[in-house]
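The values are calculated or read from the model by the stated rules, or taken from the named source; none is laboratory data. For clarity, every value in this text was computed on a predicted model and none was experimentally measured. Neighbour counts are summed over all protein chains in view; Cβ atoms, including those assigned to glycine, are modelled from backbone coordinates with ideal geometry.
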Amino acid sequence: MSARAPASDGAHSGSVHVEVTHDHHEAGHGSRKDYVTGFVLSVILTAIPFWLVMAEVFTDPRVTSFVIMAFAVVQIVVHMVYFLHMNARSEGGWTMMALIFTLVVVIIALSGSLWVMYHLNTNMMPMSPGDMRNMP
């Protein structure tokens, strides 16, 4: 920010001209075009999975689930780029580094939880209703 006061020439005694400049760092705010593009992509990425489910395009529900998850991942990226303005240049790359760290922690937590639950379910002894009556 800089301020500059011109020399008084007598005609405008007592008035001060202040020039303000803002230092914009690498992370800028998006333009209207960016927001509209992000909104249109978000609507499309929401409408396609909705159509896939309602029209029963795939016969196997697992295929439908994986396709919907793929669209969800793409939509997350669209939101991060167009609405959160995240890129490798903003704030010296620290926002991207924080995002990558968060994703790694979430993936480890989710995959570990699913692994534990799968193995607990597989390794549990099956119990019949008759065995349940004899439980203390």
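Answer yes or no: is there a residue in region 104-126 that is within 16 Å of the chain's Cα centre (by Cα), assigned to a helix (DSSP H, G or I) and more than 30 Å from Trp51 (Cβ to Cβ).
Going residue by residue through region 104-126, those that are within 16 Å of the chain's Cα centre (by Cα) are 104-107.
Right, trim to assigned to a helix (DSSP H, G or I) and you get 104-107.
Next, only the ones that are more than 30 Å from Trp51 (Cβ to Cβ) stay: 104-105.
The answer is yes, given that some residue of region 104-126 is within 16 Å of the chain's Cα centre (by Cα), assigned to a helix (DSSP H, G or I) and more than 30 Å from Trp51 (Cβ to Cβ).
Residue-wise test of (1) more than 30 Å from Ser90 (Cα to Cα); (2) in contact with a helix residue (DSSP H, G or I) (Cβ under 6 Å, 6 or more places away or on another chain); (3) exposed (fewer than 10 other Cβ atoms within 10 Å of the Cβ); (4) modelled with pLDDT under 70.
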residue	(1), (2), (3), (4)
Ala5	yes, no, no, yes
Ser8	yes, no, no, yes
Ala11	yes, no, yes, yes
Glu19	no, no, no, yes
Arg32	no, no, yes, no
Leu45	no, yes, no, no
Pro49	yes, yes, no, no
Met54	yes, no, yes, no
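Do the conditions hold for Met69, that is, is it surrounded by 13 or more Cβ atoms within 10 Å (Cβ to Cβ) and either within 16 Å of the chain's Cα centre (by Cα) or modelled with pLDDT under 95 (or both)? Even if it seems obvious, please write down each step before you answer.
Working: surrounded by 13 or more Cβ atoms within 10 Å (Cβ to Cβ): no; either within 16 Å of the chain's Cα centre (by Cα) or modelled with pLDDT under 95 (or both): yes.
Taking the combined requirement at face value, the residue does not satisfy it.
So the check is Cβ under 6 Å with 6+ separation or different chains; which pairs have a first residue in region 41-60 that's more than 13 Å from His79 (Cβ to Cβ) and a second one that's aliphatic (A, V, I, L, M)?
What qualifies is Pro49/Ile68.
Checking the conditions here, which among Asn121, Asn134, Asn87 is under 29 Å from Thr37 (Cα atoms) and modelled with pLDDT under 85?
Details: Asn121 fails: under 29 Å from Thr37 (Cα atoms); Asn134 fails: under 29 Å from Thr37 (Cα atoms).
After applying the criteria, what remains is Asn87.
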